[in-house]
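None of the figures in this text is laboratory data; all of them are computed from the coordinates on show. Everything quoted here is computed from the prediction, not taken from an experiment. Neighbour counts are summed over all protein chains in view; Cβ atoms, including those assigned to glycine, are modelled from backbone coordinates with ideal geometry.
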């Protein structure tokens, strides 16, 4: 220990990231809905972090469309209902102790499906922000810690539409940061953003 710091080895490095529910298309045309806590965006390109042994990774490898549903904090319980479920049958051995197979994720979560405009997987009705994405490209990830979880992929997705609940829209093409708050995943606990704004970047338009 030096200067008040210690070297540690946490199992995960989720230092407060938004949660997303990824809609992807199953073999039979139905929609799989799965929570992830590793994603970020640059412009209109989003990167999704997925473990190998997931139905989402399988679906995107075969059918490269998805919806990145971004839930608000009040939906955390619906998100958590999805957390122990998998669309893979049989359940992969690495997940068998904690997960169970569930083919209808919408019913299981209490969310309802609604049609998307430009991609085949359905959106989650009631989720206030839902970018529809296509042209998915998968990039294999490696690393000792990640391999212990079964390995992973990064899905690069091109966002084609951004659907936002009217109450969060400011003007024509702005999302009001005073009203909108994503659900935050902070070391396997759910949080919302603090209510008080600290300031804004020099590039903020409003």
So how far apart, in nm, are the two label points at residue 80 and residue 12 if each is 7 Å from Cα heading toward Cβ? 1.3 nm
From the Cα centre of segment 43-106 to that of segment 175-206, the distance in Å is 24 Å
With label points set 7 Å from each Cα along the Cα-to-Cβ direction at residue 98 and residue 175, the distance between them in nm comes to 2.7 nm
Identified option (computed semi-axes √(5λ) of the Cα gyration tensor in Å; candidates [x] 26, 24, 17; [y] 32, 21, 17; [z] 54, 15, 12): [x]
Given the Cα-Cα distance of residue 62 and residue 144 and 0.36 nm per residue of separation, how much length would full extension add, in nm? 26.8 nm
Once fully extended, how much extra length lies between residue 156 and residue 197, figured as 0.36 nm per residue of separation less the alpha-carbon to alpha-carbon distance? 11.7 nm
If I take every Cα pair under 8 Å that is 6 or more residues apart in the chain, average their sequence separation and divide by the length, what percent do I get for the relative contact order? 25 percent
Projected label distance in nm at residue 137 and residue 88, using a 7 Å step from Cα toward the beta-carbon: 2.5 nm
